[in-house]
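The values are calculated or read from the model by the stated rules, or taken from the named source; none is laboratory data. Given the structure is predicted, the values throughout are model-derived calculations rather than measurements. Cβ sites come from the backbone with ideal geometry, for glycine too, and all protein chains shown count toward neighbours. Keep in mind that these areas ignore ligands, DNA and RNA; they rest on the heavy atoms of the full protein, side chains included. Shrake-Rupley method; radii C 1.70, N 1.55, O 1.52, S 1.80 Å.
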Amino acid sequence: MRPFIKMHGLGNDFVIIDGRKDGFVPDEAFCLNVADRHRGVGYDQLIVLLPASQPDYDLQMRIYNADGSLTGACGNGTRCVARLFFEETCRSEGLFETSGGILKVGNPAPDIYSVDFGEPRLNWDQIPLAKEMDTLHVDFGIEGLPDGCCVNVGNPHTLFFVPDVMAIALEKIGPVLEHHPLFPQRCNIEFAQILDRGHIRMRVWERGTGITQACGSGSLATLIAAVRRGLTDRKATIHLDGGDLYIEWRESDNHVTLAGAAAKVFRGELCPEFLA
């Protein structure tokens with residue numbers, strides 16, 4: 001048997017497995033089988049908890065996309081893990097290791113969980129892009145597509161500001177841009193509509209997964225891009241298909257943070273016949 005818990009942040013859903021005792025590391029077949037929404041459990045990302053590599057940190061998160069590929073960081077998933085961690089330890093702060101960096105988590109209000117992603121990475125080789133260019137205005141040479149703004153917040157994102165996000169055929173343009181030759185590690189794609197200086201409507205195509213109802217790191221990247229272009233203030237509400245996230249890019253230390261809810265759905269066990 002392999003126990004798990006199903007959670008979601010604004011409809012962005014996760015299967016979370018605690019591997020801290022046995023060091024469990026899934027292979028690609030396991031990830032694909034569990035991701036199957038008809039024959040498995042279904043998820044946008046699978047998160048495996050492992051022991052921290054250093055005593056200063058509380059745990060390590062390995063995050064897998066629905067196609068079995070690893071991703072660096074996940075804002076909504078980290079909030080879900082933060083809720084479990086706080087319930088387990090009766091604490092209200094923690095430090096989690098990810099391949100995208102160290103994430104500081106908090107519980108600033110009842111049922112609200114926050115994540116500090118540190119400083120964004122804005123240079124072309126930090127995204128990374130295939131060649132040197134200005135990440136604030138990237139021309140993809142696709143007719144009708146505005147120039148993009150590239151940001152890395154533990155994983156790569158490209159933002160496109162449009163008058164109406166609902167007019168974008170995200171299911172068509174998303175995979176084209178994710179696999180664009182400019183992105184050697186592929187990319188998460190967001191389309192954003194500025195409502196006012198404190199509110200942005202955004203939709204997302206996640207690398208390795210597809211359209212999701214919400215994306216925490218994508219919401220961070222959205223605000224960063226909007227601020228860089230002078231479109232919003234440094235604090236804003238991002239309105240996603242699944243609900244709202246509250247984002248701030250602090251001027252004091254250059255850190256970007258997000259806050260929002262995290263919900264439990266059910267606990268279960270993967271049966272031996274499925275694992276076989």
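Looking at segment 199-256, which of the residues that are aromatic (Phe, Trp, Tyr) and over 12 Å from the mean Cα position of the chain (by Cα) is least open to solvent (accessible area, probe 1.4 Å)? Filtering segment 199-256 for residues that are aromatic (Phe, Trp, Tyr) and over 12 Å from the mean Cα position of the chain (by Cα), the one least open to solvent (accessible area, probe 1.4 Å) comes out as TRP249.
For segment 16-25, check the following and say yes or no: at least one residue is under 15 Å from LEU70 (Cα atoms), among the aliphatic types (A, V, I, L, M), open to solvent by 10 Å² or more (accessible area, probe 1.4 Å) and outside any loop (DSSP other than H, G, I, E, B). No, every residue in segment 16-25 fails to be under 15 Å from LEU70 (Cα atoms), among the aliphatic types (A, V, I, L, M), open to solvent by 10 Å² or more (accessible area, probe 1.4 Å) and outside any loop (DSSP other than H, G, I, E, B). Just so you know, in segment 28-44 the residues that are part of a loop (DSSP other than H, G, I, E, B) and free of Cβ contacts under 8 Å to residues at least 40 places away in the same chain include one that is surrounded by the most Cβ atoms within 10 Å (Cβ to Cβ), and it is TYR43. All conditions but one from (1) open to solvent by less than 10 Å² (accessible area, probe 1.4 Å); (2) at pLDDT 95 or above; (3) in contact with a Ser or Thr (Cβ under 8 Å, 6 or more places away or on another chain); (4) in a loop (DSSP other than H, G, I, E, B) apply to ALA73; the one that does not is (2).
Kindly indicate whether VAL48 is under 22 Å from GLY23 (Cβ atoms), modelled with pLDDT of 95 or more and not hydroxyl-bearing (Ser, Thr, Tyr).
On the way: under 22 Å from GLY23 (Cβ atoms): yes; modelled with pLDDT of 95 or more: yes; not hydroxyl-bearing (Ser, Thr, Tyr): yes.
So VAL48 passes the test.
Residues that are of a type in the set (Ser, Thr, Tyr) and over 24 Å from ASN155 (Cα atoms) within segment 82-122 comprise THR89, SER92, listed in sequence order.
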